[in-house]
Amino acid sequence: MKDKARIYIIDDDEIFQFITRKSFERLDRKDELFFFLNGEDALRSIKDSIASGIELPELIFLDINMPIMDGWDFLTELQVLIDSAVNKPNIYMVSSSIDDKDLIKSKKYSMIKDYIVKPIKDVHIKEILTSLEA
């Protein structure tokens, strides 16, 4: 398993961001982690990456409920932006919502690999990272 991936964590919960960062440290990887408090900032970063010829993130952990631009709006704009991209990010919705409507809605997006209810465990992150290699 390679130990370096470009990963975006898009979540307005700074505690979740901290815990996620610690999980990656415990897994002893050298991933490039980018943290965003809302979808708009992350989308701007992706646009800048595309304009600069930098690879898209391989993995995105995306919260649903955030200020400025929520996860659903982010996905809608991202889909248009990367429509012709060869390597599309693997997206995992990560939310504290246990509402079935959110889970059902997430299944309508082919780019969403899974819906994870917070908190996310180290073992789950490891499984996701392993699946990137497949």
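The values are calculated or read from the model by the stated rules, or taken from the named source; none is laboratory data. Because the structure is predicted, anything quoted here is derived from the model rather than measured. When we count neighbours, we look across all protein chains shown, and the Cβ atoms used for this are built from the backbone with ideal geometry, even at glycine.
So here's what we get for this one:
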quantity	calculated
Residue count, the range 104-123 (criterion: closer than 29 Å to GLU25 by Cα, surrounded by 13 or more Cβ atoms within 10 Å (Cβ to Cβ) and more than 14 Å from the chain's Cα centre (by Cα))	2
Filter result (in contact with a Leu (Cβ under 7 Å, 6 or more places away or on another chain) and modelled with pLDDT under 90) within the range 51-69	none
Residue, farthest from the chain's Cα centre (by Cα), within the range 47-69, restricted to residues that are buried (at least 16 other Cβ atoms within 10 Å of the Cβ) and more than 14 Å from LEU81 (Cβ to Cβ)	MET66
Those residues of the range 78-132 which are touching a residue at least 60 places away in the same chain (Cβ under 8 Å) and either under 22 Å from ALA51 (Cα atoms) or in a helix (DSSP H, G or I) (or both), in sequence order	PRO89, ASP122, ILE125, LYS126, ILE128, LEU129, THR130, LEU132
Residue that is farthest from SER110 (Cα to Cα) [pool: residues in the range 24-41 that are in a loop (DSSP other than H, G, I, E, B) and at pLDDT 95 or above]	LEU37
For ARG44: the one exception among (1) part of a loop (DSSP other than H, G, I, E, B); (2) more than 14 Å from the chain's Cα centre (by Cα)	(1)
Filter result for the condition that a residue is surrounded by fewer than 16 Cβ atoms within 10 Å (Cβ to Cβ) and within 20 Å of SER131 (Cβ to Cβ), over ASP100, ASP83, ASP28	ASP28
Some residue of the range 51-65 being in a helix (DSSP H, G or I) and under 19 Å from SER106 (Cβ atoms)	no
Candidates LYS47, LYS88, LYS113 - the one that is among the basic types (Lys, Arg), more than 27 Å from ILE15 (Cβ to Cβ) and modelled with pLDDT of 90 or more	LYS47
